[in-house]
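> Below is one structure. I have some questions about it.
None of the figures in this text is laboratory data; all of them are computed from the coordinates on show. Please read all numbers here as calculations on a predicted model, not as lab measurements. Glycine also receives a Cβ, built like all others from the backbone with ideal geometry; neighbour counts cover every protein chain displayed.
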Amino acid sequence: MTSAAPRLPALLEALGQRAPRGMELGLGRVREALSALGDPHEGLPAVHVAGTNGKGSVCAMVESIARAAGLRTGLYTSPHLSRFAERIRVGGEMIGDAALERALAAALERVPSPLTFFEALTVAAFVAFREADVDLAILEVGLGGRLDATNVIAAPLCTAITSIALDHQAVLGTTLADIAREKAGILKPGAPAVLGLLDPEADAAIEATARAIGAGPRLRVARAERGGRAAEIAVERRGRAAHVAGPGRRELEVQLGLRGAHQAENAGVAAGIAWQLAGRWPEVDQALAGGLAAARWPGRLERIDAGGAQVLLDCAHNPHGAQALAAWLDEEGPGAARTVLVFGAMADKGWGEMLQALAPRVHRRFYVTPKGRAAAPLDALREVAPGEALGDPRAAVARAIEVAGPSGLVVVAGSIYLVGEVRSALLGIAPDPVVTL
């Protein structure tokens, strides 16, 4: 740590100690804390993004576009892979130690009631963005939307819902409609919304919420081959490029910075958001293609050269994400005979479905226990698909690299905690303590 932030280690430790408290959805404590700090979120130009998968990628794309347009950006996402500071970025860079210290001190010490881990970081982000005087804040929902701590933004410039799939059912509901209604809680009166490819059941639930609150116009992403209404954003994958067409005869084709067929759909959502922002900042329109090409998002189909072997890190941590990873392996992978999987998942995720999607696409599987909350039992993973239970992720990756050889590919997936641990080890990053959220 730098000498400019002598209290930061103690503050990070105090923050981590709040993790066992778990999630306590609701906005009361956050609003009370922000009020005590002078309401740093009020008047903040913001984009608010929810979704089961893809929301982080969309946020990264929008932030890249805004920076390409010359805007000073604030980006708030979760979780982190190695360091808490990854969650709060200003101008494309992780928040500095001194600024993080000031923001955390405010969120942990100057508020009336103790906040949960995620609430404290959310409040710290707003404090940091006010101090940095950002032009635009891009906010990723942590969980759900309606009761998520980020939902204190009353008048966002634009909202977006990237996807709806079954995840966190114990908290959000057991049907797609239930989950969609929770995520639709970020919609606001008069604020335009961009919707990704959605199941009809989820789309209907979101549309009903939008009409009930008087939300602004909705732009829906549709694959070009489906056709669609004039108000939709049509996307088409062309190799690594995406062709995006939207309202007002807007059209672009761009080589995406993020890998995977699913990123074309995320680019459609990001483009829709950018077109809304262009009404306020016309330069955003001209920066759209360059921003999409320059976007990067660690741990999402990220390749790392590990001593000659290629390691692919992907934060696929639910069945929907695993299916996207499987599609990429089918399209761009070296083939099952040259692919090795290192897999570990949280016990409360759909690890059986995830493994069923990934197992046929590899020839060797190594099962591990990620740090964090309770993990899927190794023996149970082996029952789904035969593999070696090594437990320790670093040992498993080392063994997988040996098995794959220089012409093979090692895929690490199943848990964001796992990806973070492996990425930190491969890149020599000293990670902050694991937080079980």
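> Divide, for the chain, the radius of gyration over alpha carbons by 2.2 N^0.38 Å, where N is the residue count.
Output field value: 0.95.
> Give the percent of DSSP beta bridges with both residues in the chain that are antiparallel, rounded to the nearest 5.
Of those bridges, close to 40 percent are antiparallel.
> Among Ala274, Leu288, Ala322, pick out the residue whose Cα is farthest towards the positive end of the charge dipole of segment 211-331, where Lys and Arg carry +1 and Asp and Glu carry -1 on C-beta, about the Cα centre.
The Cα lying farthest towards the positive end belongs to Ala274.
> Excluding Thr339 itself, what net charge comes from residues whose Cβ is under 9 Å from its Cβ, given Lys and Arg +1 and Asp and Glu -1?
+3
> Largest first and in whole Å, what are the equivalent-ellipsoid semi-axes of segment 358-437 based on the Cα gyration tensor, each being the root of 5 times an eigenvalue?
Its equivalent ellipsoid spans semi-axes of 21, 17, 9 Å.
> Another question, if that's okay. So how do 401-411, 382-392 stack up, highest first, on mean other-Cβ count within 10 Å?
Top of the packing list down: 401-411, 382-392.
> Compute the whole-percent fraction of alpha carbon pairs in segment 1-66 spaced more than 15 Å apart.
75
> What does the charge count near Ala215 come to, summing +1 for each Lys or Arg and -1 for each Asp or Glu among other residues with Cβ under 11 Å from its Cβ?
Once positives and negatives cancel, what remains is +2.
> A further question on this structure: What order do you get for 295-301, 120-126 when each peptide is scored by the mean count of other beta carbon atoms within 10 Å, highest first?
Descending packing order for the listed peptides: 120-126, 295-301.
> Give the Rg (one decimal place) followed by the Dmax (whole number) of segment 162-313, computed from C-alpha coordinates and expressed in Å.
16.9, 56
> Let me have the 222 nm mean residue ellipticity of the chain computed from DSSP H runs of 4+ only, each contributing -39500 (n - 2.57), with the sum over all residues rounded to the nearest 500.
-11500 deg cm²/dmol, from helical runs alone.
> Counting alpha carbon pairs within less than 8 Å and at least 6 residues apart, what relative contact order, in whole percent, applies to segment 86-187?
20
> Go through 197-209, 249-261 and give me the packing order, highest mean Cβ count within 10 Å leading.
Packing proxy ranking, top to bottom: 197-209, 249-261.
> Still on this structure, I have one more. Across all directions of projection, what mean area in square nanometres is found for the Cα convex hull of segment 295-408?
6.9
> Follow-up question, since we're still on this one. Could you please tell me the mean projected area of the C-alpha convex hull for segment 121-191, averaged over all directions and given in square nanometres to one decimal?
The orientation-averaged projected area of the Cα hull of segment 121-191 comes to 5.1 nm².
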